[in-house]
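The values are calculated or read from the model by the stated rules, or taken from the named source; none is laboratory data. Since we're looking at a predicted model, the values are computed, not measured. FYI the Cβ positions are ideal-geometry reconstructions off the backbone, even for glycines, and counts take in every protein chain you see.
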């Protein structure tokens with residue numbers, strides 16, 4: 001069963017801006033654990049945010065996520081866990097993860113409706129429910145964010161570089177939990193990360209967004225070559241091509257002559273590129 005389908009996606013952050021993603025197509029089926037790789041600025045976060053309904057795509061032939069043309073995080077089985085430090089709460093608006101509340105009272109209704117799953121995730125992520133959100137470190141707050149993002153059973157999970165602040169034990173336990181979710185519930189995961197350790201036997205598929213904003217299927221390479229070598233070789237090739245075509249800014253050049261450090265100009269998704 002196809003969970004997500006994209007055909008011929010072209011995307012930029014402004015009407016006449018440079019396309020970050022170009023003629024991109026992607027199918028996601030049940031039970032997949034997809035590594036989404038690419039150099040910084042290639043468009044990995046942008047693609048995940050489009051799939052999660054956080055960016056609208058207009059220049060596209062076909063787009064469905066779990067049967068929806070306008071997916072939303074937390075609705076219909078879609079879960080997005082990324083670099084967003086606020087959470088939408090009904091009748092309140094945007095509430096920061098640094099709010100002055102114990103963890104167990106933050107988004108309390110959602111927790112109480114999923115206590116067993118919440119407790120399992122707290123055990124995996126080493127979260128103390130009596131922690132006060134206001135006084136947490138970035139790493140602790142990130143763990144709470146992951147717990148709340150996964151507290152509802154998902155059908156399609158979009159993970160955007162959220163495990164970089166986890167220690168190796170917690171990260172391994174989380175990945176084992178997520179693998180079990182795909183095997184027992186036929187859920188699927190798209191995981192964008194540069195941390196490749198421990199993923200050789202975890203992922204089922206590799207998709208790589210190259211420096212031209214197009215996606216490549218690297219599954220054939222994965223049969224005979226270690227994951228890290230595949231990704232590093234692709235990145236080296238991208239950087240060499242960008243250097244050759246004067247895309248990477250040379251030392252001493254004016255920004256007006258060369259604004260790009262990758263397809264997004266060195267800026268995180270959604271930020272202005274006006275220099």
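I'd like the full set of residues that are within 18 Å of residue 7 (Cβ to Cβ) and free of Cβ contacts under 8 Å to residues at least 40 places away in the same chain, limited to segment 204-222.
216, 217
Name, by its number, the condition in (1) touching a strand residue (DSSP E or B) at 6+ places or on another chain (Cβ under 8 Å); (2) surrounded by fewer than 18 Cβ atoms within 10 Å (Cβ to Cβ) that does not hold for residue 16.
(1)
Take segment 24-48 and flag every residue that is modelled with pLDDT under 95 and surrounded by fewer than 21 Cβ atoms within 10 Å (Cβ to Cβ).
Matches in segment 24-48: 40 only.
A quick yes/no check of all residues on (1) farther than 18 Å from residue 135 by Cα; (2) at pLDDT 90 or above:
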{"residue": "73", "(1), (2)": "yes, no"}
{"residue": "90", "(1), (2)": "yes, no"}
{"residue": "94", "(1), (2)": "yes, no"}
{"residue": "98", "(1), (2)": "no, no"}
{"residue": "113", "(1), (2)": "yes, yes"}
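For segment 123-136, does any single residue satisfy the condition of being within 18 Å of residue 79 (Cα to Cα) and either out of contact with any strand residue (DSSP E or B) (no Cβ under 9 Å at 6 or more places or on another chain) or assigned to a helix (DSSP H, G or I) (or both)? Reasoning before the result, please.
Going through segment 123-136, the residues within 18 Å of residue 79 (Cα to Cα) turn out to be 125.
Okay, now just the ones that are also either out of contact with any strand residue (DSSP E or B) (no Cβ under 9 Å at 6 or more places or on another chain) or assigned to a helix (DSSP H, G or I) (or both), so 125.
Within segment 123-136 (the criterion being within 18 Å of residue 79 (Cα to Cα) and either out of contact with any strand residue (DSSP E or B) (no Cβ under 9 Å at 6 or more places or on another chain) or assigned to a helix (DSSP H, G or I) (or both)), the answer is yes, since at least one residue qualifies.
For segment 5-66, list the strands (runs of 3 or more DSSP E) that sit wholly inside it and hold at least 1 residues that are in contact with a helix residue (DSSP H, G or I) (Cβ under 8 Å, 6 or more places away or on another chain), closer than 26 Å to residue 234 by Cα and touching a residue at least 24 places away in the same chain (Cβ under 8 Å); which are they? Talk me through it step by step, then tell me what you get.
Numbers: elements: 21-29, 33-37, 62-65.
The strands (runs of 3 or more DSSP E) meeting that bar are 21-29, 33-37.
One residue is enough: does segment 52-60 have a residue meeting the conditions surrounded by fewer than 24 Cβ atoms within 10 Å (Cβ to Cβ), touching a strand residue (DSSP E or B) at 6+ places or on another chain (Cβ under 9 Å) and under 21 Å from residue 182 (Cβ atoms)? Walk me through how you get there before you give the answer.
Going residue by residue through segment 52-60, those that are surrounded by fewer than 24 Cβ atoms within 10 Å (Cβ to Cβ) are 53-60.
Keeping just the survivors that are touching a strand residue (DSSP E or B) at 6+ places or on another chain (Cβ under 9 Å) gives 53-55, 57-60.
With the extra rule that they be under 21 Å from residue 182 (Cβ atoms), the set shrinks to none.
Within segment 52-60, not a single residue is surrounded by fewer than 24 Cβ atoms within 10 Å (Cβ to Cβ), touching a strand residue (DSSP E or B) at 6+ places or on another chain (Cβ under 9 Å) and under 21 Å from residue 182 (Cβ atoms).
Mind checking which residues of segment 223-236 are in contact (Cβ under 8 Å) with a residue 12 or more places away in the chain and farther than 14 Å from residue 199 by Cα?
Restricting attention to segment 223-236, the residues satisfying the condition of being in contact (Cβ under 8 Å) with a residue 12 or more places away in the chain are 226-228, 230-231, 234-235.
Residues satisfying the conditions are 234, 235.
How many residues are surrounded by 16 or more Cβ atoms within 10 Å (Cβ to Cβ) and farther than 28 Å from residue 4 by Cα if we restrict to segment 127-183?
Number satisfying all stated conditions: 9.
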